[in-house]
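One structure is given here, and the rest of the page talks about it.
The numbers here are math on the coordinates, done by the rules we state, and not lab data. For clarity, every value in this text was computed on a predicted model and none was experimentally measured. Cβ: placed from backbone, ideal geometry, glycine included. Neighbour counts: every protein chain shown.
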Amino acid sequence: MKVYSIYFSPTGGTKKVADLVAGAWGGQKEEIDISRREADYSVYKFEPSDLCLVAVPSFGGRVPGIALERLSAMSGGGAKTVMAAVFGNRAIDDTLLELEDTLIGAGFHPVAAMEANAEHSIMHQFGAGRPDGEDGEELREFAAKIQEKLWGTAEEEPVQVPGKRPFKEYKGVPFKPEAGKNCTSCGLCAKECPVGAIPQENPKTMDKEICISCMRCIAVCPQKARGNNKAVLFAASQRLKKELGGRKVNRLYL
Ligand SMILES: Cc1cc2nc3c(=O)[nH]c(=O)nc-3n(C[C@H](O)[C@H](O)[C@H](O)COP(=O)(O)O)c2cc1C
């Protein structure tokens, strides 16, 4: 059995979760980073003997559309698939259900799912430092339980994931990172932007219509020159602090 870890992880939290889960499984592994926009995802064709982990962040309780588009281009080929929705201390709402629909449409065979907490990639004070050591232990336990289901003798039952139809409406967030005075126009953000919202020839600008507010440009900037409007960030943090406070749990669905 070959294990594929497929992730969309603009700022690295989703990849941390994927590494913890896939790392707990033995066997030959391949990583497929669907944040890259230059790749041709239609070359990925899986087989029933493969095990795929598909990890995505929750944006507004949904799967980022570009991740769905790239997953849809692949051929699942009946590969056993574990879904992971990674969220920033609020909730995943319909993320797993939407991910499941797309994966089934692309020919994957979902067998298990989980929701896992990570640091909020816009308001970092929420879920700060997660996944932490405690999460690591729990995610490894999830991986072991999934393995038992897959390798066990019990009849394999379809996985039931949370979520409601029609899916929660997501209209985006008012965070479109701008370049500040420290920007040297090195162009790394333009190269790394998952959707091509930053022009390579003028990385100090960006197209707000294309930007999905994923925060990758902030995460990769070597000068720490990109950021969100501080007043908007403060207002949102105050408004959401009750909903995003406390320690939210990870959940496994088998
Ligand atoms: C545009 C946007 C929307 C988000 N919406 C939610 C949400 O609805 N619920 C939640 O708990 N976290 C939300 N988050 C937090 C992310 O799901 C979380 O930080 C995740 O780990 C980001 O993945 P990454 O680190 O791989 O980029 C949102 C983050 C962004 C950038």
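Amide hydrogen proximity for Ala55: with H placed 1.01 Å from N in the peptide plane, the residues at 5 or more positions away or on another chain lying under 5 Å are Ile6, Tyr7, Phe8, Ala84. Kirkwood radius and radius of gyration were both taken over the C-alpha atoms of segment 176-254, and their ratio Rg/Rh is 1.10.
Taking amide H positions as modeled 1.01 Å from N, with prolines and chain starts lacking one, the residues under 5 Å from Ala112 and 5 or more places away or on another chain are Thr81, Met83.
Between segment 109-167 and segment 192-254, the alpha-carbon centres lie 23 Å apart.
First select every other residue whose beta carbon is under 11 angstrom from the beta carbon of Asn89; then total the charges, Lys and Arg +1, Asp and Glu -1.
Value of the local net charge: +3.
Looking only at the chain, where both bridge partners belong to it, what percent of the DSSP beta bridges are antiparallel (to the nearest 5)? Looking only at bridges with both residues in the chain, the antiparallel portion is about 20 percent. 3J(HN,Hα) along segment 101-112: 4, 5, 5, 4, x, 8, x, 7, 10, x, 10, 7 Hz, from the Karplus curve 6.51 cos²θ - 1.76 cosθ + 1.60 with θ = phi - 60°, whole Hz, x for Gly and Pro. Of the peptides 39-49, 68-78, the ranking by mean beta-carbon count within 10 Å, highest at the top, reads 68-78, 39-49. A full extension of the chain between Val173 and Glu201 corresponds to an added length of 7.4 nm, given 0.36 nm per residue minus the alpha carbon distance.
Scoring 2-15, 125-138 by mean Cβ neighbours within 10 Å over their residues and listing the highest first yields 2-15, 125-138. Couplings 3J(HN,Hα) of segment 186-201, computed from phi: 5, x, 5, 4, 5, 5, 8, 4, x, 10, x, 7, 10, x, 4, 7 Hz, in residue order, whole Hz [Karplus 6.51 cos²θ - 1.76 cosθ + 1.60, θ = phi - 60°; x for Gly and Pro]. Within the chain, Cys52, Cys183, Cys186, Cys193, Cys211, Cys214, Cys221 have no other Cys Cβ under 4.7 Å of their Cβ and so lack a disulfide-compatible partner by this rule.
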